[in-house]
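Notes follow once the structure below has been shown.
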Amino acid sequence: MEETKTTKRLSKKQIWIFALGQLGWSTLSGIIGAWLVTFYLPTTADIEAGATQFIHPGLIIGGFLTILGLITALSRIFDAVTDPLIASLSDRSKNKRGRRIPFMQYAAIPLAIVTVLLFWAPVNEISGINIAWISVFVILFYTFMTMYCTPYNALISEFGKTQEDRMAISTAISLTFFAGTLLAYTPFVFAGVLRGMGVSFAMSYRIMFIILAAIAAVCMLIPTFLLNERDFVDAVPSNANMIKSLASTFKNKDFDVFVGSDIMYWVGLTLFQTGLPFFVKVSMHINESFTMIFLGAMTVLSAAFYPFVTKMVKKFGKKKLVIAGFLGLALAYIITALCNLPFVDGSAFAYIFGVLIVIIAAFPMALLGIIPQSIVADIAEAEAIQTGENREGMFFAARTFAMKFGQSLAMLLFTSLAIIGATQDMSSNDITATKLGMTWVAIVAIIFCVLGAVILFFYKEKKIMKIIIKDTDKEFMNAINAEKDPGEANAADEAPVQEEKVEEEVK
């Protein structure tokens, strides 16, 4: 690998400046996740409250998919091109200001504007023009999101000079991700306040989205102006084109194992997030306001565990903790499935089970919210040391696509499973979920979580750490030195070459 000049490490203050970027884009992502369906597929109650129907309602595509669902699904196909394209352009960039910051700076304001315009369909009634409008702006949203997030995530590896730094960055951005997601839910409260002041249903949400998008844009721009990428990163741009770079990324067997496990995680997590209001209303049969109470309590409790995650990684290693996170999430789903038992229905047991789910799920959420980002950074750094190609952007783009694929698969699974045993009104946007359907949602989520743990068992953490280990990382290496990774014997022949490259890199 080429000799590079010494670069600085991020201070604690600079880590939080960097994390503000995640606060920005997670707010915008949260708006789309929480409000796109709610806004464009209003329930009967929303329509009675003044909501406008902009597109044809109901499960009219094959009896299980809405027009909006089809648009969102097709946008994922577009992502399959834009994710690796932006990653390749960023990896190959020779911009004097750095490979990542310029992309983020150019994308921030357009991303915020597009988010607002997505909810500004031009025709105030059901119209094909509105369908075209939503289709265009959904694609633009994900394009600008990729343009910001892919370079941003690549910086986790490049800014994280040591395992300590990498875990600190992952912890900070996980906290700001949760904060941004919670910000995106504030229209639940303040849009209602605006309507009480005489603002129309649609405009009450649009005003909130404008305010949140402005805050998000500022947060996304702050790290691009206050952090000089060249002070911290001196990577050699990749020379590989998009196809070659993408192919090389998926030739990395350790990354393939991680991505397979990661898809399982995003399916399980999205089934939980999407299903929580239904678990509360249908399974527990209690007031839906407990959805926000349980979600808020879980977020706060999960954040309380964050300071302990780095210490635990030093003691147990990353792989063991992520596997424990998967199994812990599966246990939370077992409790969730039990909520459908007859004696729970609306009784004191419903609240007890709700509290149990919050307590059991909080710690796995902390583990799975922090560590996987760091694992991708480790794999990307090991690849750069072995090949001399700095393709961090492509690795994180592939992880982002895995996230989007897992989320989309979960949405399709949920809408199909939740209505088992019900007679669904195809002309209505209301999902008629049943206790039987929600039991199946929980069971399928358990299966995906267990599969995630099984797949990650084959990740060769020790091999990766040997390649990237530095003097400052000895505590992290000690945690896994006694372990023998699956297939380690097969990798033994590569060890002399890898050790030679490690020595060269440390020098």
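The values are calculated or read from the model by the stated rules, or taken from the named source; none is laboratory data. Remember, predicted model here, so these are calculated numbers, not experimental data. Please note: Cβ atoms are built from the backbone with ideal geometry, for glycine as well, and neighbour counts cover all protein chains shown. All accessible areas refer to the heavy atoms of the entire protein, side chains included, with ligands and DNA or RNA removed. Shrake-Rupley method; radii C 1.70, N 1.55, O 1.52, S 1.80 Å.
Under the condition of being surrounded by 15 or more Cβ atoms within 10 Å (Cβ to Cβ) and at pLDDT below 85, the residues counted in region 1-40 number 5.
To keep it simple, each residue is scored yes or no on (1) at pLDDT below 75; (2) hydrophobic (A, V, I, L, M, F, W, C); (3) in a helix (DSSP H, G or I).
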position: D425; (1), (2), (3): yes, no, no
position: W440; (1), (2), (3): no, yes, yes
position: G452; (1), (2), (3): no, no, yes
position: Y459; (1), (2), (3): no, no, no
position: I464; (1), (2), (3): no, yes, yes
position: A492; (1), (2), (3): yes, yes, yes
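Any residue that is within 19 Å of the chain's Cα centre (by Cα) and open to solvent by 10 Å² or more (accessible area, probe 1.4 Å) - is there at least one of those in region 285-292? No, region 285-292 contains no residue that is within 19 Å of the chain's Cα centre (by Cα) and open to solvent by 10 Å² or more (accessible area, probe 1.4 Å). Which residues, counting only those in region 213-231, are touching a Gly at 6+ places or on another chain (Cβ under 9 Å) and assigned to a helix (DSSP H, G or I)? Hits for region 213-231 are I215, A216, A217, V218, C219, M220, L221, I222, P223, T224, E229, R230. Within the set of pairs 6 or more residues apart or between chains, which connect a residue that is touching a residue at least 24 places away in the same chain (Cβ under 8 Å) inside region 135-148 to a residue that is among the polar types (S, T, N, Q) and buried (at least 18 other Cβ atoms within 10 Å of the Cβ) with Cβ atoms less than 6 Å apart? Matching pairs, first to second residue: V138/S75; I139/S75; Y142/S75; T143/T82; T146/T82. Just so you know, in region 189-202 the residues that are in a helix (DSSP H, G or I) and free of Cβ contacts under 8 Å to residues at least 40 places away in the same chain include one that is least open to solvent (accessible area, probe 1.4 Å), and it is A191. Output the residue which, of all residues in region 223-274 that are acidic (D, E) and touching a residue at least 12 places away in the same chain (Cβ under 8 Å), is farthest from M394 (Cα to Cα). Within region 223-274, the match that is farthest from M394 (Cα to Cα) is D231.
I'd like to know if region 280-302 contains one or more residues that are among the aliphatic types (A, V, I, L, M) and not in a helix (DSSP H, G or I). Yes, the conditions are met somewhere in region 280-302. Looking across region 409-423 at every residue that is in a helix (DSSP H, G or I) and modelled with pLDDT under 80, the one that is farthest from I86 (Cα to Cα) is identified as S416.
Kindly evaluate Y205 against the criterion of being under 29 Å from A303 (Cα atoms) and crowded, with 20+ Cβ neighbours inside 10 Å. Taking the combined requirement at face value, the residue satisfies it. The residues of region 432-460 that are open to solvent by 40 Å² or more (accessible area, probe 1.4 Å), farther than 21 Å from P364 by Cβ and not polar (S, T, N, Q), listed by number, are K435, L436, W440, K460. Of all residues in region 240-263, those that are modelled with pLDDT of 85 or more, assigned to a loop (DSSP other than H, G, I, E, B) and among the polar types (S, T, N, Q) total 1. Where residues in region 170-188 are over 16 Å from P277 (Cβ atoms) and more than 15 Å from the chain's Cα centre (by Cα), which of them is most open to solvent (accessible area, probe 1.4 Å)? The residue in question is L183. Candidates in region 117-145 are the residues that are of a type in the set (V, I, T) and part of a helix (DSSP H, G or I); of these, the one that is farthest from S408 (Cα to Cα) is I129. Restricting region 390-412 to residues that are over 17 Å from the mean Cα position of the chain (by Cα) and surrounded by 20 or more Cβ atoms within 10 Å (Cβ to Cβ), the residue that is farthest from V37 (Cα to Cα) is N390. State whether one or more residues within region 333-340 are closer than 18 Å to L175 by Cα and within 20 Å of the chain's Cα centre (by Cα). No, region 333-340 contains no residue that is closer than 18 Å to L175 by Cα and within 20 Å of the chain's Cα centre (by Cα).
Given the criteria assigned to a helix (DSSP H, G or I), open to solvent by 20 Å² or more (accessible area, probe 1.4 Å) and either touching a residue at least 12 places away in the same chain (Cβ under 8 Å) or not acidic (D, E) (or both), does I375 qualify? No. Across region 57-83, which residue is modelled with the lowest pLDDT among those that are under 19 Å from R399 (Cα atoms) and open to solvent by less than 20 Å² (accessible area, probe 1.4 Å)? In this case the residue turns out to be D79. Checking each residue in region 103-129 for being surrounded by 21 or more Cβ atoms within 10 Å (Cβ to Cβ) and more than 21 Å from I211 (Cβ to Cβ) picks out F103, M104. In the condition set (1) open to solvent by 10 Å² or more (accessible area, probe 1.4 Å); (2) more than 16 Å from V355 (Cβ to Cβ); (3) modelled with pLDDT under 90, Y306 is compliant with all but (1). Being free of Cβ contacts under 8 Å to residues at least 12 places away in the same chain and of a type in the set (A, V, I, L, M, F, W, C) holds for only one residue in I357, I447, I464, I419, and it is I447.
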